[in-house]
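Student: I am attaching a structure below and will ask some questions about it afterwards.
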Amino acid sequence: MKLITNSEKETLELGRLIGTKLKSGDVLSLDGDLGAGKTYMTKGIAEGMGIKDYITSPTFTILNIYEGDLTLYHFDVYRIDDPREMEEIGFDEYLYGDGVCVVEWGSIVSELLPEDTIDVHIKKLDDDVREIEILGASFDLKEWKA
Ligand code: ADP
Ligand code: MG
């Protein structure tokens, strides 16, 4: 499905809706240029999962972990040069564990991601306008009317 958001607030709201639909073991791969809105989307997802913490970008830490109804593993693999680096930090344990994984720049490590990964591509159309394509989701977003 392809959706449009017209502000960061709408992307947050869309993320929130997605977050309410995620199940144990789900993996989301987020792609899109710097500033596309991957981290904003993740903030919404976290809220939707019942997480109250302030979400920050894990660009430098690779992984941030938040406890909610389910545990959220928020990765940013921008700085990873070789997918093997992720294997070394035990990526599989997270990907195939009980929590939810959100991986910013997931295409960099696509060879490591589960087959049923939900792919989210965010494209900047204008200053505040984003096209968000979601592939491989088993949920629908019928409630989304933006
Ligand atoms: P990324 O993680 O993809 O690098 P961020 O989520 O950190 O991007 O930043 C997105 C930037 O784009 C923020 O500065 C945000 O305010 C801005 N922005 C403008 N319009 C939107 C929109 N529709 N959705 C998401 N972010 C938007
Ligand atoms: Mg980011």
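Student: Check 89, 62, 122 and return the single one that is more than 13 Å from ligand 1 (Cβ to nearest atom) and open to solvent by less than 70 Å² (accessible area, probe 1.4 Å).
Tutor: Criteria check complete, one pass: 62.
Student: So, one more: May I ask you to verify whether residue 109 is open to solvent by less than 20 Å² (accessible area, probe 1.4 Å) and more than 16 Å from ligand 2 (Cβ to nearest atom)?
Tutor: no
Student: Mind checking which residues of the range 1-19 are of a type in the set (Val, Ile, Thr) and surrounded by fewer than 16 Cβ atoms within 10 Å (Cβ to Cβ)?
Tutor: Of the residues in the range 1-19, the ones of a type in the set (Val, Ile, Thr) are 4-5, 11, 18.
Of everything in the range 1-19, just one residue is of a type in the set (Val, Ile, Thr) and surrounded by fewer than 16 Cβ atoms within 10 Å (Cβ to Cβ), namely 4.
Student: Conditions: (1) open to solvent by less than 10 Å² (accessible area, probe 1.4 Å); (2) away from ligand 1 (no atom under 16 Å from the Cβ). Residue 71 meets all but one. Number of the miss?
Tutor: It is condition (1) that residue 71 fails.
Student: With the requirement that a residue be within 14 Å of ligand 1 (Cβ to nearest atom) and surrounded by fewer than 13 Cβ atoms within 10 Å (Cβ to Cβ), what does the range 125-145 give you?
Tutor: 125, 126, 127
Student: Which ones in the range 24-37 are open to solvent by 10 Å² or more (accessible area, probe 1.4 Å) and either at pLDDT below 95 or within 13 Å of ligand 1 (Cβ to nearest atom) (or both)?
Tutor: Those that are open to solvent by 10 Å² or more (accessible area, probe 1.4 Å) and either at pLDDT below 95 or within 13 Å of ligand 1 (Cβ to nearest atom) (or both): 31, 32, 33, 34, 35, 37.
The values are calculated or read from the model by the stated rules, or taken from the named source; none is laboratory data. Note that the structure is predicted; figures quoted are calculated from it, not measured. Ideal geometry is used to build each Cβ from the backbone, glycine not excepted, and the neighbour counts take in all protein chains shown. To get the accessible areas, we keep the full protein, side chains included, count just its heavy atoms, and leave off ligands, DNA and RNA. Shrake-Rupley method; radii C 1.70, N 1.55, O 1.52, S 1.80 Å.
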